[in-house]
Amino acid sequence: MPSISDRAQQMPASPVRKLVPFALAAKQKGIKVYHLNIGQPDIETPQTAIEAIRNIDLKILEYSLSEGSIEYRSVLRDYYHTLGFTDLETGNFIVTNGGSEALNFAISTLCDDGDEIIIPEPYYANYNGFAGTFNINVVAVPSTIDSGFALPPIEDFEKKITENTRAIIICNPGNPTGYLYTREELQQLANIALKYDIAIISDEVYREYVYDGKQQISMLDFPEAAENVIVIDSESKRYSMCGVRIGCMVTRSKKIHDAAILFAQARLSPVLIGQIAATAAHHNDGTYIRSVREEYTKRRNLLVDLLNGIPGVICPKPKGAFYCAVELPVDDTEKFAQWLLESYSYENETIMVAPMGGFYSNPELGKKQVRIAYVLKEEDLRRSVELLNDALQKYKLEFGIL
């Protein structure tokens with residue numbers, strides 16, 4: 001039998017997806033599972049995108065350009081112009097198969113085996129997977145729930161920088177925390193990138209979904225760091241189009257762009273049909289985004305208030321994205337999340353959450369935390385919190401937790 005590579009054996013399991021078999025088993029027993037574990041919105045995709053797919057009139061579904069179709073990159077250029085980045089042209093964009101591939105391109109363009117990337121934690125769990133694929137070391141800088149997961153002191157980053165450091169990755173607004181970085185925090189990162197001549201990879205796929213009248217500040221807002229910044233973007237969450245797998249890598253650096261395009265050529269091209277749908281989704285007057293933002297605001301407010309009403313639960317109010325990082329009064333959320341699916345139900349219903357150990361370099365730091373996505377309608381969120389409250393009481397009784 002062929003041997004399995006060390007790389008494959010060391011690849012971390014997704015903390016979001018590894019409990020799926022337990023959820024499927026619960027469903028097979030007739031139990032309804034409320035999925036709070038994954039960022040798959042129940043919001044409908046824009047009708048313009050659906051109609052564009054339905055009305056495709058092509059005789060051949062051919063390759064697109066490796067960097068993405070001219071039509072879609074023109075739409076991206078126009079979109080970024082509305083954000084104020086009027087210097088960007090189609091040549092600043094490389095279209096990718098989801099934001100995940102854009103991250104892979106960015107990391108593989110910047111790093112060799114044994115290089116290091118610094119990431120404030122908790123962080124999107126797949127950053128570990130992307131880094132591990134290329135034998136790159138993740139160096140974590142912890143943030144804390146007490147501060148709402150604000151950017152750690154910039155001195156903590158500087159202490160971690162070595163001759164092998166190639167980049168800092170941030171997610172803004174954040175997954176899994178929903179934290180929204182301030183201009184002052186981002187300016188500190190721009191300064192450190194210039195001081196040490198490293199890159200900032202800014203994952204901005206939740207850009208539209210910020211609340212309380214706030215506005216997302218992009219790393220592209222710091223022109224002095226133009227040669228050091230890569231932005232990761234995606235249509236998945238913006239337009240509830242996770243299945244089309246269309247994203248992009250954006251940079252003003254011709255050096256980085258020209259290197260990354262070689263990886264784009266090696267994988268041939270991004271998905272044609274996805275680009276058609278994404279192009280059509282952008283042809284709107286902004287009503288869709290505004291209505292979805294209002295819906296997420298209501299869901300966030302309801303969920304956070306209900307969660308903080310449970311004794312022992314701590315849930316900072318996220319400023320963006322659609323996730324809450326929640327501390328629970330249990331011994332181990334990995335064990336608790338599996339118990340919810342294997343052993344618990346109330347009126348034939350249960351919930352599925354994402355244990356946050358997998359969102360940290362040291363799983364112990366997330367041992368009492370879960371990520372909850374408010375991608376379900378308010379009625380389902382309310383019911384989910386009722387189930388969580390009941391489950392916590394029964395779990396503590398069963399396992400003797402005071």
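The values are calculated or read from the model by the stated rules, or taken from the named source; none is laboratory data. Just so it is clear, the model here is predicted, and its values are computed rather than measured. Positions of Cβ are backbone-derived with ideal geometry, glycine not excepted, and every protein chain shown enters the neighbour counts. Surface areas here come from the heavy atoms of the whole protein model, side chains and all, with no ligands, DNA or RNA. Shrake-Rupley method; radii C 1.70, N 1.55, O 1.52, S 1.80 Å.
Data for the structure
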{"read-out": "Filter result for SER384 (open to solvent by less than 10 Å² (accessible area, probe 1.4 Å), in contact (Cβ under 8 Å) with a residue 12 or more places away in the chain and among the hydroxyl-bearing types (Ser, Thr, Tyr))", "value": "yes"}
{"read-out": "When residues of segment 283-308 are limited to those that are in contact (Cβ under 8 Å) with a residue 12 or more places away in the chain and of a type in the set (Lys, Arg), the one most open to solvent (accessible area, probe 1.4 Å)", "value": "LYS298"}
{"read-out": "Matching entry among ILE314, ILE276 (being open to solvent by 10 Å² or more (accessible area, probe 1.4 Å), within 22 Å of the chain's Cα centre (by Cα) and at pLDDT 95 or above)", "value": "ILE314"}
{"read-out": "So ALA25, is it touching a residue at least 60 places away in the same chain (Cβ under 8 Å) and in a helix (DSSP H, G or I)", "value": "yes"}
{"read-out": "Every pair of residues 6+ apart whose Cβ atoms lie under 8 Å, when the first sits in segment 33-57 and is closer than 30 Å to LEU19 by Cβ while the second is at pLDDT 95 or above and open to solvent by 50 Å² or more (accessible area, probe 1.4 Å)", "value": "VAL33/LYS27; ASP42/LYS377"}
{"read-out": "Count of residues meeting criterion [in a loop (DSSP other than H, G, I, E, B) and either open to solvent by less than 70 Å² (accessible area, probe 1.4 Å) or touching a residue at least 40 places away in the same chain (Cβ under 8 Å) (or both)] in segment 344-366", "value": "7"}
{"read-out": "For GLU101: the one exception among (1) in a loop (DSSP other than H, G, I, E, B); (2) under 30 Å from VAL370 (Cα atoms)", "value": "(1)"}
{"read-out": "Filtered residues of segment 2-60 (kept if open to solvent by less than 90 Å² (accessible area, probe 1.4 Å), modelled with pLDDT under 90 and either farther than 29 Å from ALA321 by Cβ or in contact with a Pro (Cβ under 7 Å, 6 or more places away or on another chain) (or both))", "value": "SER5, ALA8, PRO15"}
{"read-out": "Condition met for TYR123 (open to solvent by less than 10 Å² (accessible area, probe 1.4 Å), assigned to a loop (DSSP other than H, G, I, E, B) and of a type in the set (Phe, Trp, Tyr))", "value": "yes"}
{"read-out": "Segment 1-22, subset over 24 Å from the mean Cα position of the chain (by Cα) and assigned to a loop (DSSP other than H, G, I, E, B), residue farthest from ASN137 (Cα to Cα)", "value": "MET1"}
